[in-house]
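Report on one structure; see the data block that follows.
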Amino acid sequence: MTIPRTDLPPGLGLDTLAVREGLPRTPWGENSEALFLTSSFVHPDAETAARRFANEEEAFVYSRFGNPTVTMMERRLAALEGSSGCIGTGSGMSAILMLVMALLKGGDHIVCSQSVFGSTIRLLQDFAKFGIETSFVSQTDVGQWRAAMRPNTKLLFAESPTNPLTEVCDIAALAEVAHAGGALLAVDNCFCSPALQQPVKLGADLVIHSGTKYLDGQGRVVAGAVCGPAELIDSKFVPVMRSAGMSLSPFNAWVVLKGLETLSVRMQAQSARASTLARWLEAQPAVERVYYPGLASHPQHALAMAQQSGCGGAVVSFVVKGERAGAFATIDATRICSITANLGDTKTTITHPASTSHGRLSEAQRQAAGITQGLIRVAVGLEDIVDIQADLAHGLAGRT
Ligand SMILES: *Cc1c(COP(=O)(O)O)cnc(C)c1O
């Protein structure tokens, strides 16, 4: 027996798969996917149980490493990313933990952008104590990536656009560098989601997700996933999940599964609002600089448009006059925006990266990543954008 697939015609579009891909319905014929809140699964007899534990027969056994609701989410996300496999994890960070545990050993080397998510930098640095060294290089200078390659380099890790400065890397160029050196390229696709960018189509081997962000899309759960070739997921990642247990809970998987159904329309709508906001911010005298891939002023604008389906995404960062005090005053003057470091929510969020998401980095690391004290990040939600503009205008008015 193998776990069956949903009976769907071949060649369906991504919007259809986002709503339909998964597992067959149960005999009860539910239209919305079932939530299987069960830790273990019952076997018809001891002989069958023995076969299933020995991996001689595919079946659900124990929810640490297999649950139908989690499988539905994995199949749906894999379909959207254009990869043959996917494994759900308890958080975005545990997806990265699993990536390193599954693919690397002591003595191996990683090349990573210096502008990736703060916790990612910390986690990769922590692996130095197990003999896995990471070189951090420029997000945008492919030459630096190539120069950092060593005979023992096994993994290149990129994120595009980055948090919070929305720097865009050339995924296809990095895939070439990785493959020329016999390494794999993993891309954290959190900011664009597969609705705007599919790294596998650009040559990446693995895609990392924080399901906490746009995949859920409504700020409800913490979740993560790794997408990649099914053989690699089955041979390298599933055994780590089975022994280490960074499992995605069925409930959180169900929330993400339902979030994927509206991902594409949310990403389009939030990206359009962000674009309007970015252009408005550029015209404000109290704003020194705006970082948004959809603006012609963005250094990688053309690359971003080609790589991200012509969309800038929904995250806009900007520097206000007055350093940290100016940024805090602007944030504190808002009455609609949520002051929180999360992003990817239908509610617009506002944060001061230097003292929150990037607060654990040293000042030198922050400088290298360009996270200045006047920087504010807004992750645009689904409110009327004129209301968000008015909300930001309060604080900016006092800053000229
Ligand atoms: C939030 C985030 C993560 C970590 O995800 P969690 O679900 O919070 O563990 C990783 N990468 C990026 C780009 C993120 O924004």
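No value in this document is a laboratory result; all are computed from the given coordinates. Please read all numbers here as calculations on a predicted model, not as lab measurements. So basically every Cβ, Gly included, is an ideal-geometry build from the backbone, and we count neighbours across all protein chains shown.
Taking TYR62, TYR291, TYR214 as the candidate residues, the one with maximal mean-square fluctuation in a Gaussian network model of the chain, Cα springs under 10 Å, is TYR62. Taking Lys and Arg as +1 and Asp and Glu as -1, the other residues whose beta-carbon sits under 12 Å from that of HIS358 total +3.
Springs join every pair of Cα atoms under 10 Å in this Gaussian network model of the chain, and among GLY245, GLY312, GLY13 the largest mean-square fluctuation is at GLY13. The GNM of the chain, with springs linking C-alpha atoms under 10 angstrom apart, assigns the highest mean-square fluctuation among THR166, THR340, THR134 to THR340. Summing charges over neighbours of PHE41, with a neighbour being any other residue whose Cβ is under 15 Å away from its Cβ, gives +1 when K and R count +1 and D and E count -1.
Kirkwood hydrodynamic radius computed over the stretch 263-397 comes to 14.9 Å, based on all pairs of distinct alpha carbons. With the charge dipole of the chain set up from +1 on Lys and Arg Cβ and -1 on Asp and Glu Cβ about the Cα centre, the Cα lying farthest toward the positive end among the listed residues ALA327, LEU260, VAL200 is that of ALA327. The dipole here belongs to the stretch 194-314: it is taken about the Cα centre, uses +1 on the Cβ of Lys and Arg and -1 on the Cβ of Asp and Glu, and is about 200 debye.
Residue separation times 0.36 nm, minus the C-alpha to C-alpha distance between GLN268 and ASP7: what's the value?
91.1 nm
Annotation for the stretch 1-50: trypsin sites (Lys or Arg not before Pro) lying in DSSP loop with at most 11 further Cβ atoms inside 10 Å of their Cβ are ARG5.
Summary of the geometry: the stretch 348-400 and the stretch 43-71, compared by the centres of their Cα atoms, lie 47 Å apart.
Report, in degrees rounded to the nearest 10, the 0 to 90 angle that the Cα long axis of helix 250-261 makes with the longest principal axis of the chain. Relative to the chain, helix 250-261 is tipped by roughly 60 degrees.
Determine the percent antiparallel among the DSSP beta bridges restricted to the chain, to the nearest 5. Bridges in the chain are about 55 percent antiparallel.
Computed over neighbours whose Cβ is under 11 Å from that of ASN163, the net charge equals -1, Lys and Arg +1, Asp and Glu -1. Here the dipole of the stretch 263-397 is about 220 debye; that uses its Cα centre as origin and unit charges on the Cβ of Lys and Arg (positive) and Asp and Glu (negative). Using the Cβ-Cβ distance between GLN125 and GLU30 with R0 set to 30 Å, the FRET efficiency works out to roughly 0.05. Over the chain, DSSP H runs of length four or greater, each weighted -39,500 (n - 2.57), average out per residue to a 222 nm ellipticity of -10500 deg cm²/dmol. Relative contact order, whole percent, for the stretch 304-400 stands at 38, derived from Cα pairs under 8 Å and 6 or more residues apart. Using C-alpha pairs under 8 Å with a sequence gap of at least 6, the mean separation divided by the residue count of the chain gives a relative contact order of 16 percent. Using Cβ point charges alone (K and R +1, D and E -1), the dipole size of the chain about the Cα centre works out to roughly 640 debye. Between ARG279 and ALA364, the distance separating the two model label sites (each 7 Å from Cα on the Cα→Cβ line) works out to 4.4 nm. The angle between the Cα long axis of helix 323-332 and the longest principal axis of the Cα atoms of the chain comes to about 70 degrees, rounded to the nearest 10.
In this calculation the C-beta distance from ALA54 to ALA393 is compared with R0 = 51 Å, giving a FRET efficiency of 0.20. Binning all Cα-Cα separations of the chain at 20 Å, short to long from zero, yields these whole-percent fractions: 28, 55, 16, 1. Post the alpha-carbon centroid distance, the stretch 5-40 to the stretch 105-129, in whole angstrom. Computed from Cα coordinates, the inter-centre distance equals 36 Å. Within the stretch 1-149, the ratio Rg/Rh, alpha carbon atoms throughout and Rh by Kirkwood, equals 1.07.
Mean separation of Cα pairs under 8 Å and 6 or more residues apart, divided by the residue count, gives the stretch 197-312 a relative contact order of 20 percent.
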